[in-house]
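Read the figures in this text as sums done on the coordinates, not as results from a lab. Computed from a predicted structure; not experimentally measured. Cβ placement follows ideal geometry from the backbone for every residue including glycine, while neighbour counts extend to all protein chains displayed.
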Amino acid sequence: MAKGFRGGMGMGGNMNQVVAQAQKIQRQMEMAQAEIREMQFTGTAGGEMVKVVVNGDHKFLEMHIAKEVVDPEDVEGLQDLILAALNHAMQQIDQTNQERINAITGGMNMKLPF
């Protein structure tokens, strides 16, 4: 065996540091995910005539619809407002997830499953 050869790919303790850092990031990501699942996000549309509350686990908790937007002659308009409010809440969840990921990874572009 050649003198100074430590086996592996020549990274020695450096590889251990990389693995430890990856494990630390994974723990931080799991904690962030758990925190976000417990958060509530409010989406609105039509000047807050339609409001929905969704948790970070994408479960719908509440919906409020002002009487003024309930028009039997314009069901499609109400449907559009509801969808817009739901999408607004989902965008907030996505934005919060991305902000947490960036804070943990220092802005590295990582594709994560949440």
- Per the charge dipole of segment 40-107 (beta-carbon charges, Lys/Arg positive, Asp/Glu negative, Cα centre), the residue among Val54, Ile104, Val70 reaching farthest to the positive end is Ile104
- Would you mind working out the magnitude of the charge dipole of segment 60-105 relative to its Cα centre, with +1 at each Lys and Arg C-beta and -1 at each Asp and Glu C-beta, to the nearest 20 Debye? 380
- Please report the relative contact order for segment 40-107, taking Cα pairs under 8 Å with a sequence separation of at least 6, and give it as a percent rounded to a whole number. 35
- Item | Cα centroid separation, segment 54-114 to segment 27-53 (Å) | 7
- Message: What's the whole-number percent of alpha carbon pairs in segment 40-107 lying beyond 14 angstrom?
- Response: 59
- Item | Most to least packed among 74-83, 47-56, 15-24, 93-102 [average Cβ atoms within 10 Å] | 47-56, 93-102, 74-83, 15-24
